[in-house]
Amino acid sequence: IRDGLVARNLLCHDHTFVDFLKLKPIVEVLKKVLGEKYILIAQNGIINKSKQEHYQRNWHRDLAYQNYLCSEPLAINVMIALDDFTVESGATEVVPFTHKIVKIPSDKYIEENKISACVKAGSAIIFDSILLHKAGINISDEVFEKACRTVFAEPPVDDLYFEKFEAAEDAKIFSVEY
């Protein structure tokens, strides 16, 4: 499944990645954008090796097939640079404001509007998961650019609570919150 340069579920392998989830500046942003309650939906390590193909180099949205707009973000990406992100090392490229358009723009539009997110190791890049982005091409000779990509979202279901309903023993009961 083309995962040769992706490490899945980092927090299961090293407690450092659990600590990333609790970094105060990141938590503050997540609470402002997603509210007090949010869940972790993915945490991967992305390795962008020099002059090697990687499926993350294709333009994509991290909520795949979500080609519609919402007034509020559904999910937020937090990418922590484990190495310096430079143009030469293949810094993540983004196309600003594409989280506000339903259809993926033309190649010409993308080429004219993309920017490289060049940051120092330890920095976080935070963006709406619908924003069009990709790994840049690592043209350096020896640099291995690494990042911890974490995606947070609002929980699909709000508070769970119990209510008693009078019903026959074999009745099927469901509820919808609106």
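Residue by residue through the stretch 22-35, note down the ones that are more than 18 Å from Ser71 (Cα to Cα) and open to solvent by 40 Å² or more (accessible area, probe 1.4 Å). Lys22, Leu23, Lys24, Pro25, Glu28, listed by residue number.
When Val102, Val151, Val87, Val95 are checked against the criterion of being farther than 22 Å from Leu10 by Cβ, of a type in the set (Val, Ile, Thr) and either modelled with pLDDT under 90 or in contact with a His (Cβ under 6 Å, 6 or more places away or on another chain) (or both), Val102 stands alone in meeting it. Scanning the stretch 36-49 for residues that are open to solvent by less than 60 Å² (accessible area, probe 1.4 Å) and free of Cβ contacts under 8 Å to residues at least 24 places away in the same chain yields a count of 0.
The values are calculated or read from the model by the stated rules, or taken from the named source; none is laboratory data. None of these values were measured; they are calculated from a predicted model. No Cβ is skipped: glycine too gets one built from the backbone with ideal geometry, and neighbour counts run over all protein chains shown. Protein only, heavy atoms only, side chains kept; ligands, DNA and RNA dropped before computing areas. Shrake-Rupley method; radii C 1.70, N 1.55, O 1.52, S 1.80 Å.
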